[in-house]
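No value in this document is a laboratory result; all are computed from the given coordinates. These numbers were taken from a predicted model, which means no experiment stands behind them. Neighbour counts run over all protein chains shown; Cβ positions are idealised from the backbone, glycine included.
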Amino acid sequence: MQLPLQVTFRNLEPSEAVRADIETHAAKLHQFFDRIVSCRVAVEATTRRGQKGKLFNVRVDLGVPGREIVTNGKGFKSQVHEDVRMAVKGAFTVAARALEDYSRKLRGDVKSSNMPPKAIRPKKQAEEPEAE
């Protein structure tokens, strides 16, 4: 199945090499979950005050049945990088992990914290002496 992919570049010129890299990473997401409805990727260049160079932030929004999985550069150093290709790789690594976790929850492989323990042993009752 072809994944519907939308790529947006902000504060930088669109690059066919980066777009091809994003398409390659997006195609691999089907290994983790095969019912992806949509995939939107935003590549943003930000400047650092007082320093030369740019940082690239990559955001991946995945639409899956019943939910939208969003990974962005907030709090993840692997997604904010000086090299745009490394930022793309980091963002898709986080997205793949989120898809894997979502898939496990759907299959029931993840224990829920509100479930009672499986094995509760009943208290042993005192044995009554046999009447002779």
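Starting from the 7 Å offset along Cα-to-Cβ, what nm value, one decimal, do you get for the label separation of D109 and K54?
The answer from the label model is 3.9 nm.
Once you have the Cα-Cα distance between T47 and V70, take 0.36 nm times their residue separation minus that, and quote the gain in nm to one decimal.
5.9 nm
Around L99, under 13 Å between beta carbons, what's the net of Lys plus Arg minus Asp minus Glu among the other residues?
+2
Once you compute Rg and the Kirkwood Rh from C-alpha atoms, what is the Rg to Rh ratio for region 1-41?
1.00
Based on the Cα gyration tensor of region 5-106, what are the three equivalent ellipsoid semi-axes, each the root of five times an eigenvalue, rounded to whole Å and given largest first?
Equivalent ellipsoid semi-axes, largest first: 25, 14, 11 Å.
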